[in-house]
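K.L.:
Please read through the structure below; I'll follow up with questions.
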Amino acid sequence: MKKLPASQALVDDLVAASRILAQHEVLDAYGHVSARSDRRPDRFIMSRSRAPALVSAADLMELDADSEARAGDKRKGFIERYIHGEIYRARPEVMAVVHSHSPSVIPFGVTRTRLRPLYHMGSFLWSGAPVWDIRKLREENDLLVRDRPLGRALAEALGQRNCVLMRGHGMTVIGASIPEAVFRAIYTEMNARLQLQATQLEGPIEFLSDEEGRRSTVSNAGTIERPWELWKKRALGRR
Ligand SMILES: [Zn+2]
């Protein structure tokens, strides 16, 4: 294996992130997490095509700005790696990306009901969770973001927000660090589940205001080490 342009801490966190997201059932055999290289910001690190629960450091690949593997690395990458590469290109401050098919999010991609922050853990959704419809760009599609133009269109739909839903497919979230992207993927799923439950009770639902969302997002960022330590310990069974 060629040496990755990344610190050992980033490699450890990325492996942990894969397993944590699988444990939380945000990822199953599908979906993936990546991180921008902390040594070469024009590159990112991502597992080869493999179920996230099984990922180890040896599975990680270095991908270039066009989401292609280094010459000589013949391992099979994820088809949808272009989601990650095009978001890193469009958003220089983004350090990690999670793409998942987490189930509670799906209804919000196929109906008129918007996914909105219902409680403080989902507060990062204050900036919106627009729905991207692949069909608008490509009538003949298989729902997968399988090339750069599709990745670019998804990154444009995400804009400056933290989350984008994908019609009939799933969602993608970003973070300023691996723990933050993992946190957001887990709590996007939970917020969606709670919003579906709340719609069965007497409404209207009281969502967070934009100001509450903004403030709570900052507060959560300040305590992210606490869940991260717990999740990592559980996922790796050590430390
Ligand atoms: Zn997908």
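The values are calculated or read from the model by the stated rules, or taken from the named source; none is laboratory data. Owing to the predicted nature of the structure, the values given are computational and were not obtained by experimental measurement. Cβ atoms come from the backbone with ideal geometry, glycine included; neighbour counts cover every protein chain shown.
K.L.:
Among the residues of the range 140-154, which ones are assigned to a loop (DSSP other than H, G, I, E, B) and more than 16 Å from the ligand (Cβ to nearest atom)? Don't jump to the end; show me each part of the working.
P.N.:
Start the filter on the range 140-154 by keeping residues that are assigned to a loop (DSSP other than H, G, I, E, B), which leaves 140-147.
Of everything in the range 140-154, just one residue is assigned to a loop (DSSP other than H, G, I, E, B) and more than 16 Å from the ligand (Cβ to nearest atom), namely Glu140.
K.L.:
In addition: Taking the range 13-36, which residues are assigned to a helix (DSSP H, G or I) and either modelled with pLDDT under 95 or small (Gly, Ala, Ser) (or both)? Steps first, answer last, please.
P.N.:
As a first pass, look at the range 13-36 and keep what is assigned to a helix (DSSP H, G or I): 13-23.
Those that are assigned to a helix (DSSP H, G or I) and either modelled with pLDDT under 95 or small (Gly, Ala, Ser) (or both): Ala16, Ala17, Ser18, Ala22.
K.L.:
Would you please name the residue that is farthest from Met121 (Cα to Cα), looking only at residues in the range 179-215 that are among the aromatic types (Phe, Trp, Tyr) and buried (at least 22 other Cβ atoms within 10 Å of the Cβ)?
P.N.:
The initial filter retains those residues of the range 179-215 that are among the aromatic types (Phe, Trp, Tyr), namely 183, 187, 207.
Now drop any that are not buried (at least 22 other Cβ atoms within 10 Å of the Cβ), which leaves 183, 187.
On the way: Phe183: 9, Tyr187: 6 Å.
In this case the residue turns out to be Phe183.
K.L.:
Can Ser123 be described as within 26 Å of Arg19 (Cα to Cα) and among the polar types (S, T, N, Q)? Can you show your working first?
P.N.:
Details: within 26 Å of Arg19 (Cα to Cα): yes; among the polar types (S, T, N, Q): yes.
When the stated conditions are applied, Ser123 passes them.
Residue-by-condition table, conditions (1) of a type in the set (Asp, Glu); (2) in a strand (DSSP E or B); (3) modelled with pLDDT of 95 or more:
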residue: Glu156; (1), (2), (3): yes, no, yes
residue: Val173; (1), (2), (3): no, yes, yes
residue: Ile186; (1), (2), (3): no, no, yes
residue: Arg193; (1), (2), (3): no, no, yes
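K.L.:
Please go through (1) part of a helix (DSSP H, G or I); (2) farther than 24 Å from Glu225 by Cα; (3) within 15 Å of the ligand (Cβ to nearest atom) for Lys136 and return the number of the only condition it doesn't satisfy.
P.N.:
(3)
K.L.:
Same structure, new question: Of the residues Glu86, Glu80, Glu68, which single one is among the acidic types (Asp, Glu), more than 16 Å from the chain's Cα centre (by Cα) and either more than 18 Å from Leu165 (Cα to Cα) or within 16 Å of the ligand (Cβ to nearest atom) (or both)? Working first, answer last.
P.N.:
Details: Glu86 fails: more than 16 Å from the chain's Cα centre (by Cα); Glu80 fails: more than 16 Å from the chain's Cα centre (by Cα).
Within the list Glu86, Glu80, Glu68, the selection yields Glu68.
K.L.:
Tell me yes or no: at least one residue of the range 72-82 is β-branched (Val, Ile, Thr) and not in a loop (DSSP other than H, G, I, E, B). Write out each step before concluding.
P.N.:
Here is the first cut: in the range 72-82, the ones β-branched (Val, Ile, Thr) are 79.
Filter once more, so that each one left must be not in a loop (DSSP other than H, G, I, E, B): none.
For the range 72-82, residues β-branched (Val, Ile, Thr) and not in a loop (DSSP other than H, G, I, E, B): absent.
K.L.:
Would you confirm whether any residue within the range 94-110 is of a type in the set (Phe, Trp, Tyr), at pLDDT 95 or above and not in a helix (DSSP H, G or I)? Steps first, answer last, please.
P.N.:
Initial filter on the range 94-110 (of a type in the set (Phe, Trp, Tyr)): 108.
Checking which are at pLDDT 95 or above leaves us with 108.
Add one more test, that the residue is not in a helix (DSSP H, G or I), and what stays is none.
Scanning the range 94-110, I find no residue that is of a type in the set (Phe, Trp, Tyr), at pLDDT 95 or above and not in a helix (DSSP H, G or I), so the answer is no.
K.L.:
Just checking, which of Val110, Val105 is β-branched (Val, Ile, Thr) and either in contact with an Asp or Glu (Cβ under 7 Å, 6 or more places away or on another chain) or under 15 Å from Asp147 (Cα atoms) (or both)? Even if it seems obvious, please write down each step before you answer.
P.N.:
Details: Val110 fails: either in contact with an Asp or Glu (Cβ under 7 Å, 6 or more places away or on another chain) or under 15 Å from Asp147 (Cα atoms) (or both).
One residue alone meets the criteria, Val105.
K.L.:
Kindly list, by first and then second residue, each pair from a residue in the range 31-51 that is free of Cβ contacts under 8 Å to residues at least 24 places away in the same chain and farther than 16 Å from Ile174 by Cα to a residue that is of a type in the set (A, V, I, L, M) and surrounded by fewer than 19 Cβ atoms within 10 Å (Cβ to Cβ), limited to pairs with Cβ atoms under 6 Å and residues at least 6 apart or on different chains.
P.N.:
Short answer, once both residue conditions are applied: Asp42/Ala65.
K.L.:
Against the conditions (1) in a helix (DSSP H, G or I); (2) away from the ligand (no atom under 16 Å from the Cβ); (3) surrounded by fewer than 20 Cβ atoms within 10 Å (Cβ to Cβ), where does Trp231 fall short? Just the number, please.
P.N.:
Unmet condition: (3).
K.L.:
A further question follows. For the range 74-100, name all the residues that are under 18 Å from Ile134 (Cβ atoms) and surrounded by fewer than 18 Cβ atoms within 10 Å (Cβ to Cβ).
P.N.:
Ile79, Ala90
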